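Written below as structure tokens is the structure these notes are about.
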Amino acid sequence: MEIKKNKITAILGLDIDLNIDEEKLELDFLKNIKVIDYLQEKLKNVNIKKIEEALKICLLTDNDKVKPLNVLSSNEIEKLELAIKLLENREMIILSDFEINFLNKEFNYFKNLFKKMVTKYNKTIVFITNRLDKIMDIIDFILVVENKTVIMELSSDNIYYDKIYDYIEKPEIIEFVKLARKNHAKLEDYTDINELIKGIFRSV
């Protein structure tokens, strides 16, 4: 399986539990230790200022950093996992079902962060997921996996390709556009709801 460097890729159909790094972290998150103490213990070579900057970038507050790991919400755990990956300065950041734990406003912040990480810092972002609705407007490539074998490798330009949705649920925006086309609407392959609305007004 080839992951394109300095791009954002969605891998569909892969067992989420294969993300071993996150599995190890989840065991740590059962501990009764404050977030900030855990990070200082785990990342001994990283100074406290950098740790606090990473927590802030990942939208974790001063209150969050003194919480015990074992009381964190799923949303806070996702943020902390991302902060750890940033502090470890990984070239490839793998995220399992990251997008399901956020409301739109907060996730839009992270989408912009991921795009900046790719364009400015040459990072590679990989989403292991079974849905595209929240990330379809930022991904560059799609890999579809069945029985641990890649059966489709597509650029995001092919996001309207029907065969993808034999394996995952079709995003509502794609359902809508395809239905509108059957009713003779001339709409492009929109992935952003605001652009779709503009396109609808232009086509009237």
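Results, tabulated for the structure shown:
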read-out	value
Some residue of region 119-130 being under 21 Å from L43 (Cβ atoms), open to solvent by 10 Å² or more (accessible area, probe 1.4 Å) and of a type in the set (S, T, Y)	yes
Qualifying residue in region 136-143 (condition: in contact with a Lys or Arg (Cβ under 6 Å, 6 or more places away or on another chain), at pLDDT 95 or above, open to solvent by 40 Å² or more (accessible area, probe 1.4 Å) and part of a strand (DSSP E or B))	yes
Of all residues in region 158-177 being surrounded by 14 or more Cβ atoms within 10 Å (Cβ to Cβ) and more than 17 Å from I139 (Cα to Cα), the one that is modelled with the lowest pLDDT	Y167
Selection within region 79-93 - open to solvent by less than 20 Å² (accessible area, probe 1.4 Å) and over 15 Å from K42 (Cβ atoms)	K79, I93
Flag if S74 is of a type in the set (G, A, S), surrounded by 18 or more Cβ atoms within 10 Å (Cβ to Cβ), touching a residue at least 24 places away in the same chain (Cβ under 8 Å) and within 29 Å of I193 (Cα to Cα)	no
Residue satisfying condition, being under 18 Å from the mean Cα position of the chain (by Cα) and surrounded by fewer than 16 Cβ atoms within 10 Å (Cβ to Cβ), within set S96, S155	S155
Options K49, K42: the member that is closer than 26 Å to F127 by Cβ and not polar (S, T, N, Q)	K42
Region 157-199, residues that are touching a helix residue (DSSP H, G or I) at 6+ places or on another chain (Cβ under 7 Å) and among the small types (G, A, S)	A185
Within region 64-83, tally of residues that are more than 15 Å from the chain's Cα centre (by Cα) and not in a loop (DSSP other than H, G, I, E, B)	7
T61 being surrounded by fewer than 13 Cβ atoms within 10 Å (Cβ to Cβ) and part of a helix (DSSP H, G or I)	no
Hits in region 172-200 - residues which are charged (D, E, K, R) and in a helix (DSSP H, G or I)	E172, E175, K178, R181, K182, E195, K198
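The values are calculated or read from the model by the stated rules, or taken from the named source; none is laboratory data. A quick note: this is a predicted structure, and the numbers were derived from the prediction, not measured. Positions of Cβ are generated from backbone atoms using ideal geometry, with glycine treated the same way; all protein chains shown enter the neighbour counts. Note: accessible area is taken over every heavy atom of the protein model, side chains too, but ligands, DNA and RNA are not part of it. Shrake-Rupley method; radii C 1.70, N 1.55, O 1.52, S 1.80 Å.
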